[in-house]
Structure formats: structure tokens, C-alpha cells
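S.K.: Got a structure for you, questions after.
The values are calculated or read from the model by the stated rules, or taken from the named source; none is laboratory data. Everything numeric in this text was worked out from a predicted model, so none of it was measured. Every residue, glycine as well, gets a Cβ built from its backbone with ideal geometry; the counts of neighbours run over all protein chains shown.
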Amino acid sequence: MADESARRRATPEWYAGGIDHVWLPYTQMKTAPPPVPVVRTHGSRIVLADGRELIDGIASWWTACHGYNHPHIRQAVERQLAVLPHVMFGGLAHEEALRLARRLVAMLPRPLTRVFFSDSGSVAVEVALKMALQYWLNAGVRGKVRFVAFKGAYHGDTLGAMAVSDLDAGMHAAFSGVLPRHFRIDLPRDAASAAALETLLARHADEIAAIIVEPLVQGAGGMRFHEEEVLRRLRALADRHGLLLICDEIFTGFGRTGTMFACEAAGIVPDIVTLSKALTGGTLPLAATVASDRVFRAFWSDDPAKALMHGPTYMANALACAAANASLDLFAQEARLRQVAAIAAQMERELGLCRGLPDVRDVRVRGAVGVVELAEIRDLDALRARFLELDVFVRPIENVIYLTPAFTITPDELGRLTEAVVAVVRGRG
Ligand SMILES: Cc1ncc(COP(=O)(O)O)c(C=O)c1O
């Protein structure tokens, strides 16, 4: 293509000088096409070094919910940078973190009242698992050292988070022999799977610390949806068998599925919830593990050994907390959930055109998550390159093409994304 040479010409010096020294995520670097150089972002646009603008269908792994470079977040971070970029959270406290904790607690259902900050989703999950294990130790109950996790789940790439993800279906199968073994079972979607889970719990509850679930949407594991009823069943089963329930809302939190939090749609309250991704509106790394009063009380003691011994260096980073507070302002001031509903309706209409096309197994939409599931994708890299040629950034995973745009995307931009998806799916037939 003529613009291939233009693209090569436009390769900036910083790219050529550095690309051989970075180790890329989830990439067989020997065979995969190299990443495209980006020089700027704005709204739902990614500007490349060769001057092209891509419409972004992923919002940078589901973080940039207000679009890129939102002036309100930028100003908040700039103000914070001048005053207090970071102080350690051990022995010191600062306004942005405390304000954010108070606001998160006000948004989440009671009695989720204690926020432990960290710096990535995987670490928030590690903290949740550790809290659950120590909850039982502090309560004097021994042997509750395993978790119930679900087929199709993805909770992160660190060892503990991998161990509660679906190792067989996911990308971490090679590690299955070295990770702690937990119970992995189907989500209780129907009577048979609910009965199987009930049987498992009846037999093993005294070995189990908690159930961990991604509420409503299993994200990176394949963008699979389930009904609210599944979560109500999990809450009831956890209660019946005296287990904690952890909802990993790292993907679903902050409006992605149509309500501020997915557990809210089901009317359930987990004992621990994990948040990250859209927490800072896609600007700075930050995560939170929020625990209920009951969990926190098990750590509240005169005995120092009952404290939670965890404290990431950059936890509660002041810049990130300022960004998160500004992001929450935007949720309060602008009609984000209405935008999510409009995105859902448009994706339902436009991605719906894929229904019945060859190889299309399913088309589904939940909030601002639109999915076209194919029978298989043989060459993921080629498909990703095809989207780039159409000036959109869409990155299919496994056999799934999905859109998770910024909530501020315009109908025109979203239309260009869905058009590209339909064209690419048609082109495969
Ligand atoms: C539900 C869920 N949990 C945890 C994680 C891990 O988050 P991070 O990549 O920030 O470690 C992800 C990331 O995709 C996720 O979707």
C-alpha cells in the first residue's frame, strides 16, 4: 500500500530507538506486527505518528470512560502535581485519598465502608484474596484456604489472580501445575449448575474462604454475560455456607454495564469489591479493594498480628486520587449512564447486522459492551491489522470481536466502529 511507505517514513526516532528494548504485553514478539506509534489522544481518537486518526473502540482496556484528555481531569491532575504529587500512605494521609475513599463508600452499597488503595487491578484482586484468607485466620477459623472461581473468569496476571482465573480456557494454562489449586466450576446459570455449586459448597465449605466472581460480564475471558439472578444465587449460597463473596468490578465498575456498579443491578452487596480501570477515567494507575464492616472488624484488634500486612509503595498516589475524584465529578455532572444506554441501543441495532452472517455464533450487548462472537478467529493478528486499515482501533480476543468505547463517543464515531466490525465480519465470509 502507498501509505505503508509513508508510515515507515513517519516512524519517529523515539520509536526506532526504543522498540527493540521493550517487552510487549500478551505478544509473541517474533511473529506479531509491531505496535503502531501514537503521538496524541483526544476524545475517542488516537493520533498516530503518520498523522492518521484512529477511532478507539477499546478505551484503552476499558479505562478511558470520559474519552481521552478530558480537561476536567487534566486540570485536577495539574493542580495536584503542583501541590503534592505523592507521599507514602504509611504514617501519612492526604486529602485526595480520603476524599476519594469517602466518595467511593457513598456510591457503593452499605456496608462496604473500608477502602484499601493499590495501583493495579491484579494487585486489588491479590489484596481481596489476602483479606479473605486473613479474615478467617483472624476469626480463629483454620483451613479455609481455597477459593471458588468460575470457568471463563479472568482476574489478572499476578500469581494469585491467575490462580482464580480460568487456567484451562485462558492464556495462563502453562502455570496450572505451579499455582494453588482452587475450585473452578460453571457459573450457576441454571438449575443444574446451581445444584453442582451447592453440592461443591456443601462438601467443601470448611476449606473455602470466598467465592470470587466478575459480576454480569466475564471480560477478558471472552466477554460472556450472565443474568443478575446468577449473582443473587451466589450471594444466597455464600450466606448459606458462611463464605465471603468477592465481586471483581474492575471491568464492570463505573457504568460499563449500565449501572454504576454491576452488583447494584442485581441488588446484592458483596463482602469485598475490587475496582480499577475506569476509576481514574483512564489517566493514572489506581485500584481499590473495598471491604464491608464485617470484614474490616475481623482485623480491628489490639493484636498487631491481626493487621493487614500489605502496602504497595504507590498506593493512594495523590495524582491518581485527584484524577479519580475528577472522574467522579464527571459522573455526577454529566449524563454518563444515559450515554451508556444510548451506546447500548446503537450497538444493538448496528452490530445486530452481523446476526446470521457466516461464522457468527452470537451478537450480544450489555451496556457499553458490544460483542460479536465468531466460531473461531484463525489469525488474530491479521484481523487486528484489518481494523487498523479501516482507521479504527479494535482488538479482538480469542474468538470475540468486541467494542467497549468511551461513554462520550459520538454516534458518528460509534457508527464508524460498528461499520468496520460489520465489514470485517462480512469480509471473512
Ligand atoms: C475483571 C478484571 N480483574 C482484574 C484485572 C486485572 O487488572 P490489571 O490489568 O490492572 O492488573 C482485569 C484486567 O483486565 C479485569 O478485567
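S.K.: Return the residues of the range 134-181 that are assigned to a helix (DSSP H, G or I), among the polar types (S, T, N, Q) and out of contact with any Leu (no Cβ under 7 Å at 6 or more places or on another chain); say none if nothing qualifies.
M.R.: Result: Asn138, single match.
S.K.: Filter the range 167-182 down to the residues that are modelled with pLDDT under 95, away from the ligand (no atom under 12 Å from the Cβ) and not hydrophobic (A, V, I, L, M, F, W, C), then identify the one that is farthest from Ile208 (Cα to Cα).
M.R.: Among them, the one singled out is His172.
S.K.: Within the set of pairs 6+ apart or on separate chains, which have a first residue in the range 245-258 that is touching a residue at least 12 places away in the same chain (Cβ under 8 Å), a second that is among the β-branched types (Val, Ile, Thr) and within 8 Å of the ligand (Cβ to nearest atom), and C-beta atoms under 6 Å apart?
M.R.: Asp248/Thr274; Ile250/Thr274
S.K.: When you look at Arg361, is it modelled with pLDDT of 95 or more and surrounded by fewer than 18 Cβ atoms within 10 Å (Cβ to Cβ), yes or no?
M.R.: So Arg361 passes the test.
S.K.: If you don't mind, there's one more thing I want to ask. Residues of the range 93-113 being modelled with pLDDT of 95 or more and either within 16 Å of the ligand (Cβ to nearest atom) or farther than 18 Å from Asn325 by Cβ (or both), which ones?
M.R.: Pro109, Pro111, Leu112, Thr113
S.K.: Moving on. Confirm whether Arg395 is within 18 Å of the chain's Cα centre (by Cα), surrounded by fewer than 18 Cβ atoms within 10 Å (Cβ to Cβ) and either assigned to a loop (DSSP other than H, G, I, E, B) or not basic (Lys, Arg) (or both).
M.R.: Judged against the criteria, Arg395 is a match.
S.K.: Also, I was wondering about something else. If I filter the range 124-144 for residues that are without any contact (Cβ under 8 Å) to a residue 60 or more places away in the chain, under 18 Å from Gly219 (Cβ atoms) and aliphatic (A, V, I, L, M), do I get at least one hit?
M.R.: No, the range 124-144 contains no residue that is without any contact (Cβ under 8 Å) to a residue 60 or more places away in the chain, under 18 Å from Gly219 (Cβ atoms) and aliphatic (A, V, I, L, M).
S.K.: I'd like to check something: does the range 71-86 contain any residue that is in contact (Cβ under 8 Å) with a residue 60 or more places away in the chain, touching an Asp or Glu at 6+ places or on another chain (Cβ under 8 Å), surrounded by fewer than 22 Cβ atoms within 10 Å (Cβ to Cβ) and among the polar types (S, T, N, Q)?
M.R.: No, the range 71-86 has no match at all.
S.K.: Residue check: is Met131 over 17 Å from the mean Cα position of the chain (by Cα), within 24 Å of Ala262 (Cβ to Cβ) and in a helix (DSSP H, G or I)?
M.R.: Here the answer is yes, as Met131 does meet what is asked.
S.K.: A further question follows. Among (1) within 16 Å of the ligand (Cβ to nearest atom); (2) assigned to a loop (DSSP other than H, G, I, E, B); (3) among the β-branched types (Val, Ile, Thr), there is one condition Val123 misses while meeting the rest; what is its number?
M.R.: (2)
S.K.: Now for a different question. Would you confirm whether any residue within the range 278-289 is more than 16 Å from the ligand (Cβ to nearest atom) and either in contact (Cβ under 8 Å) with a residue 12 or more places away in the chain or in contact with a helix residue (DSSP H, G or I) (Cβ under 9 Å, 6 or more places away or on another chain) (or both)?
M.R.: For the range 278-289, residues more than 16 Å from the ligand (Cβ to nearest atom) and either in contact (Cβ under 8 Å) with a residue 12 or more places away in the chain or in contact with a helix residue (DSSP H, G or I) (Cβ under 9 Å, 6 or more places away or on another chain) (or both): absent.
S.K.: While we're here: Would you mind telling me which numbered condition in (1) under 23 Å from the mean Cα position of the chain (by Cα); (2) over 15 Å from Leu319 (Cα atoms); (3) surrounded by 15 or more Cβ atoms within 10 Å (Cβ to Cβ) Pro35 fails?
M.R.: It fails just one condition, (3).
S.K.: Considering only residues that are touching a Ser or Thr at 6+ places or on another chain (Cβ under 9 Å) and either surrounded by fewer than 18 Cβ atoms within 10 Å (Cβ to Cβ) or assigned to a helix (DSSP H, G or I) (or both), which ones fall in the range 398-416?
M.R.: Thr410, Glu413, Leu414
S.K.: Going by what's in this entry, would Arg79 be described as modelled with pLDDT under 95 and either more than 16 Å from the ligand (Cβ to nearest atom) or closer than 14 Å to Leu286 by Cα (or both)?
M.R.: No; evaluated as a whole, the condition is false for this residue.
S.K.: If Leu159 satisfies every condition in (1) within 16 Å of the ligand (Cβ to nearest atom); (2) buried (at least 20 other Cβ atoms within 10 Å of the Cβ) but one, which is the exception?
M.R.: (2)
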